[in-house]
Each structure stands twice: as structure tokens, then as C-alpha cells.
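Inspection log for the structure reproduced underneath, given as C-alpha cells.
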Amino acid sequence: MDEMKQVVLEYVRREYLEEDDDREVEVDTPLISGGIVDSFSMVSLKRFLEKKYGIQIPDADASPEAFDTVESIVVLVQRFGGK
Amino acid sequence: MSYSNTTRRHFACELESVREAGLFKEERYIHAPQGAEIEVEYPKGATPKRVINMCANNYLGLSSHPEVVQAAHAGLDHRGYGMSSVRFICGTQDIHRELEQRLTEFLGTEDTLLFPSCMDANAGVFEAILGEQDVMIADRLVHASIVDGMRLCKAMNDTYKHSDMGHLEEKLQEHQDKRFRVIVTDGVFSMDGDVAKMDEIVALAEKYDAMTFLDDSHASGFMGKTGRGTHEHCGVFGKIDIITTTLGKGLGGASGGCVSGRRELVEMCRQRARPYLFSNTVAPVIVSGALKVMDLLFSSTERRDKLEWNTEYWRKGLIETGLDIKNGDSPIVPVMLYNAKLAQDFAKDLFAEGVYAVGFFFPVVPKGQARIRTQLSAAHDKAHLDVALAAFRKVGEKHGILGLGKKDLVAKFGL
């Protein structure tokens, strides 16, 4: 689980933070409600998780709440069989 | 009656929560034509106050230009008030096609189709031309209407970091398995006023076999030496596959928009774009006014030259005043305050000093990026700008922010 957290955290930092970004992202940082990831850009994260962990996350489950922190994302991935 | 008290209470609570979040939008009534100076009733019920307008999209000052107004009058007399039809039944007049041809020439494309607005153009264009096998790769700061248009389309969507060409290239590589790739960007970004790197975007599009989509609503009429837009500004005029733009900003300020670009793509919109198919035609009076705008812009660059001068003068003046602005070449000049309450207070104080400008904060801009967005117009004279600069100085002094950069502003007011 810790390894998965690291992988997701690394992706989020690389994909969503700008070069000169002074915001810090940790596993419990609110991503969507915190304005770091918007719902429009969230699709690339969903696609990354599906590809990386060989799972399908139904759109209905890919809610802004479920994607709001790295911790909640990891819970979601595991719920759909990601290891 | 099905609108029960419970239903009413539900919506009243929703509205209250919008208000509590500080996101409630109120209109301010203007008792004058659009221009450099307007009379604004604020707060509601107050005697209208004459203020310098620093927040209109009236970039070329054509919204109330006498020749445009006169042409609109003539259009009303000769082609009537409305067409009572969509375009393809009995809503296309000779002047609609004439305007489309003039826009095609102006924008350097192959064909053009008018829409009721650019919002409608963006809502319809993607769905009309793309399918499930395709991907749209958009800059993360594109306008909300593009986001909506992309959501209505079955093609995959993806985004790249704002103006980050390395990230865009990664995405283009990732999506080489798709049938069509479309790079989607605004020309001038409406909140930051910065300009898309269209030359680099076109080069990447050529390298990775992608089409280019440019929403030039905040650029048409004035960016580039002859005002054709961001593609002229960046030296890639004639190389953009799809341009959408509005007649509601620089190009007259009334309403209406268009999709302009490759002949087949425009024809696909004529056949399939739902906002075009199911909306009334653009009113003849607006088409007539817009044709006059085209005449004015083809015959002289005087207005965009004045706007360019005003922009440089304003940017220089704000910097000398000690305000923190976003750098760029466009007439959208954000004064950065970072803190939302400060932005609101600053706008109120400016109004008291006779300057109308609006504060923007989350969720319109990212958290901690609150600002006053100022917009220049060719209708402004130097005297307007000097008065407005003096007001910014006075209000800046009041809040003790002159000479402070981001770090100091954040330290003093928080995010």
C-alpha cells in the first residue's frame, strides 16, 4: 500500500504541479477541493491508475471525493482490485 | 402547482450556500452605452456614478462606434429585426454569407460558419468533427466553454500544464495510437493575459501529426501587426486548422461567434454542430454591424495600434506604481493581490475613486491567485489611464501594498 501511495503521489506531483509551484503535495493533501487538480484534468489521473494497475474504474466511482487525496485514491484503486 | 415550499426551500438553501461561500454574482446596472466611461448604479438603487471602465472586452472600442451603430441601423432597415428561423431553413441572408467570407479572409482560413456565440461554437465544434477514436489535448487554462464542448464530445480528452510544451509533447507521444489528435488552446488566456506559444504548438502539431484548435476570442482584431490574432502575433498565420472566435469582444462587442478553419471541418459543423443546427440565426442587425467592423479593420490598423500603445503605457504605469502584475503582451493585465478579501476590498476602493475593475478569486482563478483583472481599450485616452493609475496608486497606498512582491503580499495578507 505504501508503495502504491508513493507511485500515485509521484504521478500527481509530476502531472499537476508546475515547475515553479510552491505548493506541497503529500498523501493527505486535498487535491480537488484544494484546487490542485480540477475535475477536467482528473481524467488523466484516472487513465494512469487504470493502465498502471490493470483495472477499470467506473465513471460513477471516479468522483471528486474519491480522488481528493492520494490516500483516498489508493483505497479506490484497491477496491477495484489494484495491487 | 408542483413548485412546493420544500422545493423552494431547497433552492433557497443552495443559493444561500453560494452566498456564504462568497461566490454570489450580482449584476451592476449600467446606464450608458459601453465605452471608456460608463455610468454604473452600484449598489443597487444608488445614483449612477460615472467611472472609467477597466473591465470590458471592448478592446477596439467598437461597441458604440458611430459607424458601427449606423451600419447596424441600416441593417435593421434593409434586412429586418430577426429571421425567425435557424440558418438552414430560411435564416441565411446574403449578408450572413458575406460576413463569413470576410471573416475567412481576416482570419486566414478556408471557410467560416457563424454561431450565435463563441460559447456555442465551442460547444458544437468538437462533437461535430471528432469521434471515439480521437483525442483532444487541451491546455489546462482553456476557457470554460471549451471544457464544456470537449465534455459533449465522445473523443478522449486529456490536458497539458499551462503553456508547457514539454508536457504537451509527452501527451502527443502518448496518444500516437489515436486516429486524430487535436491540440486545443486559447490564444490569449482570459485570466492571466498571457499568449499561447502558437509557433511551438504548430511545430509540435506538424511533428506529431496533430490538428490545431485556437480560441482567439481575446485576440481577434488586435493581436498581431494587422490584428488578425494570436496566429499572426506568433508568425503562424494561415497554419491553424480550427479557429473559434467571438464578435462579442474586439470585433464589435454585440454577440455572435464562429468556427473558421479547414473547409471540410467547417462543413462538418454546418452539417452536425447542434448549437448551429438548433439555434436561431445571428440577427441581421448584428451581422450588418460586424460587416462594418470588418471594413474598419481591413482599412486601418489605427485602433489596434492605439490599443497596443495603451497596453504598454498601462503596464509600464502599474509597474512604476509598484504593483505586482502578470507579464505579457496582451491588453489583459492582472494586478496580483493573491488574497481574495484584499482583491474584493481593492475593487470596492477603486470604484469609490471612479475606476471600475473587478476582483477575481477562487474558483474563477486558482486558490491564492486572487487579482484585479484590468483590460485596456482603444477607447481609452491617455487621460483615462492617468486617472486610473492615480486611483490604483491611492488605493495601493491605502492597503500598504506598493512595492510588495508575491512573497511580501502573502506574508502580509495570507492566501
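The values are calculated or read from the model by the stated rules, or taken from the named source; none is laboratory data. All figures in this text were calculated on a predicted structure; none of them were measured in a lab. FYI the Cβ positions are ideal-geometry reconstructions off the backbone, even for glycines, and counts take in every protein chain you see. With ligands, DNA and RNA removed, areas are computed over all heavy atoms of the protein, side chains included. Shrake-Rupley method; radii C 1.70, N 1.55, O 1.52, S 1.80 Å.
Remarks
- Heavy atoms of B:SER63: accessible area, 1.4 Å probe, square angstrom to 10: 40
- Whole-angstrom Cα spans of chain B along principal axes, big to small: 59, 57, 56
- Only the Cβ atoms of Lys and Arg (+1) and of Asp and Glu (-1) were treated as charged; on that basis the dipole of the range B:317-372 about its Cα centre amounts to roughly 280 debye.
- Overall dimensions of the protein assembly as shown by Cα: Rg and Dmax, Å: 23.8, 73
- 24 Å Cα-Cα reach of B:LYS171 towards lysines, excluding residues that sit fewer than 8 places from it in its own chain: A:LYS5, A:LYS46, A:LYS51, A:LYS52, B:LYS154, B:LYS161, B:LYS197, B:LYS207, B:LYS239
- The long axis of helix A:70-79 is offset from the longest Cα principal axis of chain A by roughly 10 degrees.
- Contact order normalised by residue count of the range B:66-299, Cα under 8 Å, 6+ apart, percent: 32
- Helix axis angle, A:42-53 relative to chain A longest principal axis, alpha carbon, degrees: 50
- With every protein chain in place, the range A:2-79: carbon and sulfur % of accessible area (1.4 Å): 47
- Helical runs assigned H by DSSP (4 residues or longer) give chain B a calculated mean residue ellipticity at 222 nm of -13000 deg cm²/dmol, each run adding -39500 (n - 2.57) before division by the residue total.
- Label-to-label distance, nm, for residues given as B:GLU37 and B:ALA12 (7 Å Cα→Cβ offset): 4.5
- Along chain B, the longest continuous region that contains none of the chymotrypsin sites (Phe, Trp or Tyr not before Pro) in a DSSP loop with at most 14 other C-beta atoms within 10 Å is B:82-277.
- Scattering curve values for the range A:31-83, log₁₀ I(q)/I(0), Debye with Cα scatterers, q = 0.14, 0.31 Å⁻¹: -0.30, -1.41
- Overall Cα dimensions of the range A:1-70, principal axis frame, Å, largest first: 33, 25, 19
- Dipole size of the range B:291-415 about its Cα centre, with +1 on Lys/Arg Cβ and -1 on Asp/Glu Cβ: approximately 460 debye, rounded to the nearest 20.
- Summed over all non-identical Cα pairs, the Kirkwood treatment of the range B:334-406 gives a radius of 12.6 Å.
- Integer Hz, Karplus 6.51/-1.76/1.60 couplings in order for the range B:254-261, x for Gly and Pro: 7, 6, x, x, 7, 10, 10, x
- Heavy-atom accessible area per residue - chain B, 1.4 Å, Å²: 44
- Entry note, chain B: relative contact order of 20 percent, from Cα contacts under 8 Å with a spacing of 6+ residues.
- Histogram of C-alpha separations across the range B:243-380, 10 Å bin width, %: 10, 27, 28, 25, 9, 0
- Sites B:SER299 and B:LEU76 - FRET efficiency at Förster radius 22 Å, r taken between beta-carbons, to 0.05: 0.40
- For the chain pair B and A, the interface hides roughly 1400 square angstrom of accessible area in total, found with a 1.4 Å probe.
- Per-pair calculated FRET efficiency, R0 = 22 Å: B:LYS316 and B:GLU397 via Cβ, rounded to 0.05: 0.70
- Our analysis of the range B:1-93 gives Rg over Rh at 1.16, with the two radii drawn from alpha carbon positions and Rh computed by the Kirkwood formula.
- The range B:1-45 and the range A:17-61 have Cα centres separated by 34 Å.
- Carbon + sulfur, % of accessible area of chain B - ligands and nucleic acids excluded, 1.4 Å: 52
- Debye log10 I(q)/I(0) at q = 0.08, 0.10, 0.11 Å⁻¹ for the range B:66-299, Cα point scatterers: -0.27, -0.43, -0.51
- The range B:275-303 and the range B:317-383 have Cα centres separated by 30 Å.
- Here the range B:67-200 is treated as a sphere whose radius is the Kirkwood value from Cα pairs; by Stokes-Einstein at 25 °C and 0.890 mPa s it diffuses with a coefficient of 142 µm²/s.
- For the range B:199-242, radius of gyration divided by Kirkwood radius, i.e. Rg to Rh on alpha-carbons: 0.99
- Share of alpha-carbon pairs per 10 Å distance bin for the range B:16-59, given as whole %: 26, 40, 27, 7
- Assigned charges on the beta-carbon of Lys, Arg, Asp, Glu; chain B dipole about Cα centre (debye): 1020
- B:LYS207, B:LYS367, B:LYS49, B:LYS249, ranked by accessible area, largest first (probe 1.4 Å): B:LYS207, B:LYS367, B:LYS49, B:LYS249
- Short-range pairs are left out: with C-alpha atoms under 8 Å and at least six residues apart, the relative contact order of chain A is 38 percent.
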